[in-house]
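Peer 1: Take this structure, written in structure tokens, and hold onto it; I'll ask about it next.
The values are calculated or read from the model by the stated rules, or taken from the named source; none is laboratory data. Keep in mind it's a predicted model, so treat the numbers as computed, not measured. Cβ coordinates were reconstructed from backbone atoms using ideal geometry, including for glycine residues, and neighbour counts include every protein chain displayed. Note: areas computed on protein heavy atoms with side chains; ligands, DNA, RNA excluded. Shrake-Rupley method; radii C 1.70, N 1.55, O 1.52, S 1.80 Å.
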Amino acid sequence: MPLPFPHPSFGSPFIELQTIDSTNKHAMGLINAGLASPGTAVFAHEQIAGKGQRGRVWDTEKGKNLILSVIIQPGALGTTPGQGAPSPATLFPLSASVALGATDFLENFTRGDLSIKWPNDLYWRDRKAGGILIENVIRPGQGWTWSVVGIGININQTEFSADLPNPVSLKQITGRELDPVSLAKDLCDKLFIRYQQLQSLGADRIMEEYNACLYKKGQLVKLRKENRVFEAKVIGVNKFGQMEIEHGVLERVEFGEVSWVL
């Protein structure tokens, strides 16, 4: 079935860099300079100022891991120039599709035990294998014009900072040394397949599959809200990106409003 909004495949061109501050920053620089083309992937062997969610630093050892940013032109997702800022219900399904694509990629090396920890950390059992940071370009009078999808996955690193409570790498899982560059190209393919599904099947289908992979779904977890720690049952995540929890009442919480207590 032909897609209503075709988008060039991800990873073409594939830009391979040795050392850089941040692949997301480099990709944003291409966009701001008018040099970006949809589907461009930026890979770095070393990233010295990588960002995680909520301003955290993404710690990675040189040459050991997969550090990738993909430039997407999201008009295909139903936002056209002049519409203004998109709603969270348009933005979050893209994040969900990226998390699913990364999970599909990781399944090549694990025997299950994969999940997506809300909003988009990649987990094997109770350990973090990778993370995702998406930055969107929303311009007055033009709407949602670009997205930069940043992904970091631990590949061959086996020693981590003590500040990271639960990291894991594919080498630790499989016992094998792997090639981060070839894996990055494989990941681009997996991400594009999920992006096509988002285009053709819609957000509801993507969110259904995202929730099927959700970390601790249906289980009691401890969460912190301001200075209060409480137990709640994880119900799911809606297309606005809110996690739905139950603790006597059903509550919808925004990312950043609560944090996990491990």
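Peer 1: Starting from segment 178-195, take each residue that is touching a residue at least 12 places away in the same chain (Cβ under 8 Å) and list its partners that are assigned to a helix (DSSP H, G or I) and open to solvent by 30 Å² or more (accessible area, probe 1.4 Å), counting only C-beta distances under 8 angstrom and pairs at least six apart or across chains.
Peer 2: Pairs found: 178/171; 190/104; 193/104; 194/104.
Peer 1: Here's another thing I want to ask about it. For segment 244-262, how many residues meet the condition of being of a type in the set (Val, Ile, Thr) and open to solvent by 40 Å² or more (accessible area, probe 1.4 Å)? I'd like the intermediate steps shown before the answer.
Peer 2: Within segment 244-262, the subset of a type in the set (Val, Ile, Thr) is 245, 249, 253, 258, 261.
In the following step, the residues that additionally are open to solvent by 40 Å² or more (accessible area, probe 1.4 Å) were identified as 249, 261.
Residues flagged as of a type in the set (Val, Ile, Thr) and open to solvent by 40 Å² or more (accessible area, probe 1.4 Å) within segment 244-262 amount to 2.
Peer 1: Residue by residue through segment 143-165, note down the ones that are closer than 23 Å to residue 241 by Cβ and either of a type in the set (Phe, Trp, Tyr) or surrounded by fewer than 17 Cβ atoms within 10 Å (Cβ to Cβ) (or both). It would help to see each step written out before you state the result.
Peer 2: First, pick out the residues of segment 143-165 that are closer than 23 Å to residue 241 by Cβ: 143-153.
Hits for segment 143-165 are 144, 145, 146.
Peer 1: Residue by residue through segment 97-130, note down the ones that are within 19 Å of residue 257 (Cα to Cα) and not in a loop (DSSP other than H, G, I, E, B).
Peer 2: Of segment 97-130, the ones within 19 Å of residue 257 (Cα to Cα) are 116-121.
Of everything in segment 97-130, those that are within 19 Å of residue 257 (Cα to Cα) and not in a loop (DSSP other than H, G, I, E, B) turn out to be 116, 117, 121.
Peer 1: Turning to a different aspect of this structure: Taking segment 229-262, which residues are in a strand (DSSP E or B) and polar (S, T, N, Q)? Working first, answer last.
Peer 2: Restricting attention to segment 229-262, the residues satisfying the condition of being in a strand (DSSP E or B) are 229-237, 243-246, 250-253, 255, 258-260.
Matches in segment 229-262: 259 only.
Peer 1: I'd like the residue in segment 101-132 that is in contact with a Lys or Arg (Cβ under 6 Å, 6 or more places away or on another chain) and open to solvent by 30 Å² or more (accessible area, probe 1.4 Å) and, out of all such residues, is nearest to residue 41 (Cα to Cα).
Peer 2: 104
Peer 1: Here is a further query. Here's a check for you: in segment 185-205, which residue that is within 23 Å of residue 112 (Cβ to Cβ) and of a type in the set (A, V, I, L, M, F, W, C) is most open to solvent (accessible area, probe 1.4 Å)? Step through it out loud before you land on a result.
Peer 2: Of the residues in segment 185-205, the ones within 23 Å of residue 112 (Cβ to Cβ) are 186-187, 189-191, 193-194, 197, 205.
Filter once more, so that each one left must be of a type in the set (A, V, I, L, M, F, W, C): 187, 191, 193.
Values: 187: 0, 191: 9, 193: 84 Å².
Per the stated criteria, the residue is 193.
Peer 1: Taking segment 222-243, which residues are within 17 Å of residue 260 (Cα to Cα) and surrounded by fewer than 17 Cβ atoms within 10 Å (Cβ to Cβ)?
Peer 2: If we filter segment 222-243 for residues that are within 17 Å of residue 260 (Cα to Cα), which is where we start, we get 222-237, 241-243.
Those that are within 17 Å of residue 260 (Cα to Cα) and surrounded by fewer than 17 Cβ atoms within 10 Å (Cβ to Cβ): 222, 224, 225, 226, 227, 228, 229, 230, 231, 233.
Rundown of residues vs (1) open to solvent by 40 Å² or more (accessible area, probe 1.4 Å); (2) at pLDDT 95 or above, yes/no style:
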position	(1), (2)
48	yes, no
55	yes, no
60	no, no
68	no, yes
76	no, no
